Amino acid sequence: MDIFTWTLLIVAGGSFLALGYAVIKTKWIFKQPVENERLKRIGGFVADGAMAFMIREYKVLIPFVLFVTAFLAIANKGALRYQSVAFVLGASASALAGFIGMKVATAANTRTTHAAQGGLIPALKVAFTGGSIMGMSVVGLSTLGFLILFFLGRSMFGSSIGALSDNILPIITGFSLGASSMALFARVGGGIFTKAADVGADLVGKVEAGIPEDDPRNPATIADNVGDNVGDVAGMGADLFESYVGSIIGAMVLGISIAASDAYRLKLVVFPLLLAVAGIVAAMIGISFVRVKEGKSPQAALNKGTFGAAGIAALFSFLLSYFFLGESADNGGMGYLSIFLSSVIGMASGTLIGMITEYYTGTNTKPVNKIVKSCETGPATTLITGMGVGMASAFPPILIIIAAIMTSFAFAGLYGIAIAALGMLMTLGVQLAVDAYGPIADNAGGLAEMSEFPHEVREITDELDAVGNTTAAIGKGFAIGSAALTSIILFSAFRQQVGVGIIDLMNPLVISGVLLGAVLPYLFSSMAMNAVGEAAFAMIEEVRRQFREKPGILDETEEPDYKRCVDISTASALREMILPGVIAVVTPVLVGFIAGPKMLAGTLIGVTASGVVLAIFMSNAGGAWDNAKKMIEGGASQGKGSEAHKAAVVGDTVGDPFKDTAGPSLNILIKLMAIISLVIAPMLKNFWGL
């Protein structure tokens, strides 16, 4: 049996293992009881709203998918027309992963609330299991997509180096394009939805009406809980799905270009897939480590699972590198040790970025305490200090990314950078489990409040939610770091595919492209922020209208119209997500065909450098404002209802679209532009006669 065949068998085993876990645990989640009728009813509102949004979102995106599919089928020649099939598969897999995550999260939130009546241990188990289903669905569907495409490619073109280089790998780039396209719309649309609801609920409910967060009298509170799912579960899942796929594809494309023997190049092509399967096994072991004892912190349990999985993944990476790659007589100057060290550099840099993110955004840290203090002098100083913290927070992660790039390149060239990117995401199954746990815990707390559960239950869900805020911030750090490395390897693959040699930064085309790319993240963020502002305005007016026309809402003699608020967020999100998405998709195509590959190369450099820094700033500033508000609500600076609290709510309101709409969407913008450039590289090469 040749290497290609048994690689496909191993990938099949890893994919079915992950998806089998997801199926079994999904059945377990739905078997958990929900006995409180009010909890069932309110949880049903959230689940129905989330599903209604996703179905409407997918309906809006079907014409886009059909258009791109037709473009790839018509614009390409010969075997490359099959890119259209790969694109549909990538888009479908991303959509399915989001649907699964959403369905399970909206079931797990009510069950977490019910389980919290029995204490912290059962509540954490339900919430984390719900998150782990999302994590394993993403890695399982990703590897399944690769399995299908490689199997079909081998059946049609064989498994020679020539077939891989000329046909199979260029076709598979369409898979990444499909995943990236869906991810962008999921992130932008979900981000607009969740923040429109959150801003409306906070400004009218907390500041004007003086009622607590998640109070059932607030008409926007159901939409806010729906938004947690569509933005932070489906959106984050789609984001990391396409990072995972993009890093694997980038590594394979670079691996086949190494100046080594054909046998070793084949090993370098399939190695990323084997590393992904090893990561699936490590993640499943890490998930089993997440156990908490009564009275202990849930954060320690989650850290044990995350770091445990990373340690096991590092061991697997060494064994795989040593026994599979070994030392070849013609390995292009890359031994097994250099590739193993590159993967470890990725794991370590991702962890460090997460720790730095936690420092700048976590509760009771020096930067966040600084913001809490600034809240005492009003909203202006709150905003100034928060923006200063966000700007400062961009510097250390960039240094880590630079160090990761330089050291992994020193070990194994561009292929080393690609393996570092994959190493950062190797244990994505458990990383995404920890991240998706956050919104489930947040929803559970909101449902406990709205369903009027005893205070002891809310204390448990609040403890889970506090940990969830930290895991969400760390997850964004991982997403940004992986986006930087993934976009670099996709750019390198584009440069090789299109035939552009050394890029001269003094070339007017290149420097013009750099400037264009540098400004795109600001234009994109402006559209996302304005979309949230407009949607939030409509939400605020609606909540005010209901309080004005239904005075019985506040004394609980009338019920709010939750559905109207969900409809406002849904309509706004679906309408406003189109233009930013179109700009991201169309820009590389227009620049490439009008100005040429050199200007497109400059555009990719500019958008990556500018986008990564802006994404870190926005995500961390928003996270820091959020936790400053939570600290004040916990009793700091005279607590809830004080002037400091009102200032903190304003800061958090500004930070919401920073950290949950514009910031995270920039990750996808830079990767999507890079993968589009890679997909159209053969077309550009023919068009410009390179």
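The values are calculated or read from the model by the stated rules, or taken from the named source; none is laboratory data. These numbers come from a predicted model, not from an experiment. Glycine gets a Cβ as well: all are built from the backbone with ideal geometry, and neighbour counts include every protein chain shown. What goes into the accessible areas is simple: the full protein's heavy atoms, side chains included, and nothing from ligands, DNA or RNA. Shrake-Rupley method; radii C 1.70, N 1.55, O 1.52, S 1.80 Å.
Restricting attention to the stretch 563-577, which residues are touching a Ser or Thr at 6+ places or on another chain (Cβ under 9 Å) and not aliphatic (A, V, I, L, M)?
Going through the stretch 563-577, the residues touching a Ser or Thr at 6+ places or on another chain (Cβ under 9 Å) turn out to be 565, 569, 573.
Result: C565, S569.
Restricting the search to the stretch 531-547, which residues are open to solvent by 30 Å² or more (accessible area, probe 1.4 Å) and either closer than 19 Å to F193 by Cβ or touching a Ser or Thr at 6+ places or on another chain (Cβ under 9 Å) (or both)? Selection gives G533, E534, F537, A538, E541. The set of residues in the stretch 533-557 that are over 26 Å from N229 (Cβ atoms), at pLDDT 85 or above and among the acidic types (D, E) contains only E549. For the stretch 85-118, a residue qualifies if it is more than 23 Å from D48 (Cα to Cα) and open to solvent by 10 Å² or more (accessible area, probe 1.4 Å), and the qualifying residues are V85, V88, L89, Q117, G118. Of the residues examined, T173 is one that is more than 29 Å from F658 (Cα to Cα), more than 18 Å from the chain's Cα centre (by Cα), of a type in the set (V, I, T) and in a helix (DSSP H, G or I). Taking the stretch 636-656 as the search range and keeping residues that are touching a helix residue (DSSP H, G or I) at 6+ places or on another chain (Cβ under 6 Å) and open to solvent by less than 10 Å² (accessible area, probe 1.4 Å), which one is farthest from A380 (Cα to Cα)? For the stretch 636-656, the residue satisfying everything is D656.
From the list T377, T382, T407, exactly one residue is over 30 Å from S132 (Cβ atoms) and in contact with a Cys (Cβ under 8 Å, 6 or more places away or on another chain). Which is it?
Details: T377 fails: in contact with a Cys (Cβ under 8 Å, 6 or more places away or on another chain); T407 fails: in contact with a Cys (Cβ under 8 Å, 6 or more places away or on another chain).
After ruling out the rest, the residue left standing is T382.
Taking the criterion of being of a type outside the set (D, E, K, R) and surrounded by fewer than 23 Cβ atoms within 10 Å (Cβ to Cβ), the residues of the stretch 617-635 that qualify are F617, M631, G634, G635. A single member of T7, T69 is more than 30 Å from D561 (Cα to Cα), touching a residue at least 40 places away in the same chain (Cβ under 8 Å) and polar (S, T, N, Q), and it is T7. Per the listing I121, I148, the residue uniquely part of a helix (DSSP H, G or I), in contact with an Asp or Glu (Cβ under 7 Å, 6 or more places away or on another chain) and open to solvent by 10 Å² or more (accessible area, probe 1.4 Å) is I121. Where helices (runs of 4 or more DSSP H) fall entirely within the stretch 219-314, those with at least 2 residues that are within 30 Å of M51 (Cα to Cα), open to solvent by less than 10 Å² (accessible area, probe 1.4 Å) and in contact with a Phe, Trp or Tyr (Cβ under 6 Å, 6 or more places away or on another chain) are at 221-229.
Taken across the stretch 523-530, residues that are surrounded by fewer than 23 Cβ atoms within 10 Å (Cβ to Cβ), within 30 Å of V253 (Cβ to Cβ) and either in contact (Cβ under 8 Å) with a residue 60 or more places away in the chain or small (G, A, S) (or both) do occur, with at least one present. Among the residues of the stretch 354-366, the ones that are open to solvent by 10 Å² or more (accessible area, probe 1.4 Å) and part of a helix (DSSP H, G or I) come to 6 in all.
Take T570 and tell me if it is touching a Lys or Arg at 6+ places or on another chain (Cβ under 9 Å), in a helix (DSSP H, G or I) and of a type in the set (S, T, Y). Break it down stepwise before answering.
Details: touching a Lys or Arg at 6+ places or on another chain (Cβ under 9 Å): yes; in a helix (DSSP H, G or I): yes; of a type in the set (S, T, Y): yes.
Judged against the criteria, T570 is a match.
Would you pick out the residues in the stretch 249-306 that are touching a residue at least 40 places away in the same chain (Cβ under 8 Å) and of a type in the set (F, W, Y)? Result: Y264, F271. Is it true that some residue in the stretch 605-617 is touching a Lys or Arg at 6+ places or on another chain (Cβ under 9 Å) and among the aromatic types (F, W, Y)? Within the stretch 605-617, none of the residues are touching a Lys or Arg at 6+ places or on another chain (Cβ under 9 Å) and among the aromatic types (F, W, Y).
If I filter the stretch 465-488 for residues that are small (G, A, S), open to solvent by 30 Å² or more (accessible area, probe 1.4 Å) and either in contact (Cβ under 8 Å) with a residue 24 or more places away in the chain or not in a helix (DSSP H, G or I) (or both), do I get at least one hit?
Of the residues in the stretch 465-488, the ones small (G, A, S) are 466, 468, 472-473, 475, 477, 479, 481-484, 487.
Filter once more, keeping what is open to solvent by 30 Å² or more (accessible area, probe 1.4 Å): 466.
Subset that is either in contact (Cβ under 8 Å) with a residue 24 or more places away in the chain or not in a helix (DSSP H, G or I) (or both): 466.
Yes - at least one qualifying residue is present in the stretch 465-488.
Within the stretch 661-679, can one find any residue that is more than 24 Å from I401 (Cβ to Cβ) and open to solvent by less than 10 Å² (accessible area, probe 1.4 Å)? Yes, the conditions are met somewhere in the stretch 661-679.
Here the stretch 490-512 is the region considered, the condition is being outside any loop (DSSP other than H, G, I, E, B) and among the polar types (S, T, N, Q), and the residue that is farthest from the chain's Cα centre (by Cα) is S512. Within the stretch 14-30, is even one residue modelled with pLDDT of 90 or more, in contact with a Gly (Cβ under 8 Å, 6 or more places away or on another chain) and either among the β-branched types (V, I, T) or not in a helix (DSSP H, G or I) (or both)? Yes, the stretch 14-30 contains at least one residue that is modelled with pLDDT of 90 or more, in contact with a Gly (Cβ under 8 Å, 6 or more places away or on another chain) and either among the β-branched types (V, I, T) or not in a helix (DSSP H, G or I) (or both). Summed over the stretch 651-690, the residues that are β-branched (V, I, T) and modelled with pLDDT of 90 or more give a count of 6. Scanning the stretch 374-420 for residues that are of a type outside the set (D, E, K, R) and not in a helix (DSSP H, G or I), we see that the one that is most open to solvent (accessible area, probe 1.4 Å) is T377.
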